[in-house]
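The values are calculated or read from the model by the stated rules, or taken from the named source; none is laboratory data. What you are looking at is a predicted structure, and each value in this text was computed from that prediction instead of being measured. Note: ideal-geometry Cβ built from the backbone for every residue, glycine included; neighbour counts use all protein chains shown.
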Amino acid sequence: MGRVAIRWHRPIEGDIKTLRITRKAGKWYASFACEVEETPLPSTGRSVGVDVGVNSLIATSDGELIGNPKWYRDGQAKLSILQRTVSRRMKGGSNRRKAVHALQVHHEYIANQRKDFLNKLANTLVLNNDLIVIEDLRIQNMVKNHNLSKSILDGGWGYFAKRLSDKAVEAGR
């Protein structure tokens, strides 16, 4: 492979164990898995219950409501234009390849918005609370309801629960 230029977004902590190189929407990403020492966060003495929903993304037991930004629904108009463009291009053509790339970029943009928001939200909850209880939902079954599926998937309930759990374990909560 040879030498590759990398744009670092933070210094590497600990010992590098594995490197994973992936390509998404024409961009290359390097992900380093490192072994670091656990440093538990100081105790806050607070606990919170979290309820996920369609209208407000989460409602906490403290009475705080976090609205649902609806990333997919906001980007849906542009997605439909891009998908129409792809369908009108000849299969195997270079213009179709460019149109598919533009569609991939927009899908990645929407996914990145969702991931960024949910990571920050999970981080805030973990920093401010010692005990976090989240509603145990069978998301896979709920998505089968065609009236709710788009809103549930747009909210990223499963991703949020996973990130919240992972961050809590990392913080020793």
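The table for this structure:
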read-out: Qualifying residue in the range 72-81 (condition: modelled with pLDDT of 95 or more, surrounded by 12 or more Cβ atoms within 10 Å (Cβ to Cβ), more than 30 Å from GLY49 (Cα to Cα) and not aliphatic (A, V, I, L, M)); value: yes
read-out: Residue list for the range 17-36, restricted to those being within 26 Å of VAL126 (Cα to Cα) and either of a type in the set (Val, Ile, Thr) or at pLDDT below 85 (or both); value: VAL36
read-out: Whichever residue in the range 90-102 is under 21 Å from LYS24 (Cβ atoms) and either of a type in the set (Lys, Arg) or surrounded by fewer than 12 Cβ atoms within 10 Å (Cβ to Cβ) (or both) and, among such residues, is farthest from the chain's Cα centre (by Cα); value: SER94
read-out: Number of positions in the range 36-71 that are on the phi > 0 side of the Ramachandran plot and either in contact (Cβ under 8 Å) with a residue 60 or more places away in the chain or surrounded by 13 or more Cβ atoms within 10 Å (Cβ to Cβ) (or both); value: 2
read-out: Pair list, Cβ under 6 Å, 6 or more apart: the range 16-35 residue closer than 19 Å to ARG3 by Cα, other residue assigned to a strand (DSSP E or B) and among the basic types (Lys, Arg); value: SER31/ARG20
read-out: Total residues in the range 89-110, condition in contact with a helix residue (DSSP H, G or I) (Cβ under 8 Å, 6 or more places away or on another chain) and not aromatic (Phe, Trp, Tyr); value: 10
read-out: Set ARG3, ARG23: member being touching a strand residue (DSSP E or B) at 6+ places or on another chain (Cβ under 9 Å), of a type in the set (D, E, K, R) and at negative phi; value: ARG23
read-out: Residue tally, condition in contact (Cβ under 8 Å) with a residue 60 or more places away in the chain, over 19 Å from GLU38 (Cα atoms) and of a type in the set (D, E, K, R), over the range 139-173; value: 2
read-out: Qualifying helices (runs of 4 or more DSSP H) (wholly inside the range 74-173; at least 2 residues being under 27 Å from ARG23 (Cα atoms) and of a type outside the set (Phe, Trp, Tyr)); value: 94-128, 149-155, 157-170
read-out: Residue in the range 116-126 that is more than 20 Å from TYR72 (Cβ to Cβ) and either of a type outside the set (Val, Ile, Thr) or touching a His at 6+ places or on another chain (Cβ under 8 Å) (or both) present; value: yes
read-out: Any pair with Cβ under 6 angstrom, 6 or more apart, that starts in the range 100-122 at a residue that is without any contact (Cβ under 8 Å) to a residue 24 or more places away in the chain and ends at one that is outside any helix (DSSP H, G or I); value: none
